[in-house]
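Trainee: Dropping a structure here in structure tokens format, bear with me for questions.
The values are calculated or read from the model by the stated rules, or taken from the named source; none is laboratory data. What you are looking at is a predicted structure, and each value in this text was computed from that prediction instead of being measured. Reconstructed Cβ throughout: ideal geometry from the backbone, glycine too, with neighbour counts over all protein chains shown.
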């Protein structure tokens with residue numbers, strides 16, 4: 001447990017020291033929120049969808065979490081190239097604990113980003129439907145962050161080329177994001193897209209977050225929680241296995 005805590009604290013220190021990373025990771029979610037929210041808002045309202053900012057807000061919060069979480073996996077490749085990972089792996093600590101500690105640290109950083117995006121979104125007009133449900137929103141935010149941090153770590157464990165990591169992650173994560181319902185409703189889609197959204201773990205994370213923040217859950221909060229939790233556990237196990245196979 002001490003090793004997990006130390007690695008978690010190390011990730012937080014890295015985050016706090018990188019001011020450019022903090023500011024840069026906020027740019028894309030806010031751009032999407034402003035451009036889509038105010039650009040498509042009138043069209044969405046005329047179509048009978050209501051306030052698009054309220055619908056879009058949880059999706060943009062999820063976006064800030066996802067892209068921060070997945071790129072934390074790049075630190076595995078960075079540490080391997082500069083020898084820091086070797087110093088960690090030779091310690092008398094199981095690699096599973098090392099992976100859990102790094103994942104917890106990356107997930108915590110991603111949740112902090114999500115909270116910052118949520119606060120900034122309220123400045124542009126987003127309002128949570130029920131402020132008393134915010135603690136439950138943090139649960140879904142952490143599950144999304146934990147899932148994608150483990151995902152990024154699992155992919156990075158099999159790569160040695162730092163330049164290949166963002167290309168592969170964008171190839172995998174961008175379709176997951178656009179098919180999660182973060183930007184558009186999941187109802188009334190063609191059958192192929194409906195099937196793709198149903199097998200996308202992020203769909204349940206975004207839906208749960210939207211159900212808590214905007215009161216617009218499609219699958220039900222319990223189903224969202226159970227599915228994203230199971231997917232997170234499975235990916236953590238897979239990521240731990242792949243991380244244990246890293247050669248130094």
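Condition check ((1) in contact with a helix residue (DSSP H, G or I) (Cβ under 6 Å, 6 or more places away or on another chain); (2) within 19 Å of residue 69 (Cα to Cα); (3) modelled with pLDDT under 85) across all residues:
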{"residue": "99", "(1), (2), (3)": "yes, yes, yes"}
{"residue": "106", "(1), (2), (3)": "yes, yes, yes"}
{"residue": "121", "(1), (2), (3)": "yes, no, no"}
{"residue": "139", "(1), (2), (3)": "no, yes, no"}
{"residue": "156", "(1), (2), (3)": "yes, yes, yes"}
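Trainee: Which of (1) in contact (Cβ under 8 Å) with a residue 24 or more places away in the chain; (2) surrounded by 17 or more Cβ atoms within 10 Å (Cβ to Cβ); (3) part of a helix (DSSP H, G or I) does residue 197 not meet, given it meets every other one?
Mentor: (1)
Trainee: From the list 240, 208, which one is within 19 Å of the chain's Cα centre (by Cα) and within 15 Å of residue 139 (Cβ to Cβ)?
Mentor: Working: 240 fails: within 15 Å of residue 139 (Cβ to Cβ).
Result of the check over 240, 208: 208.
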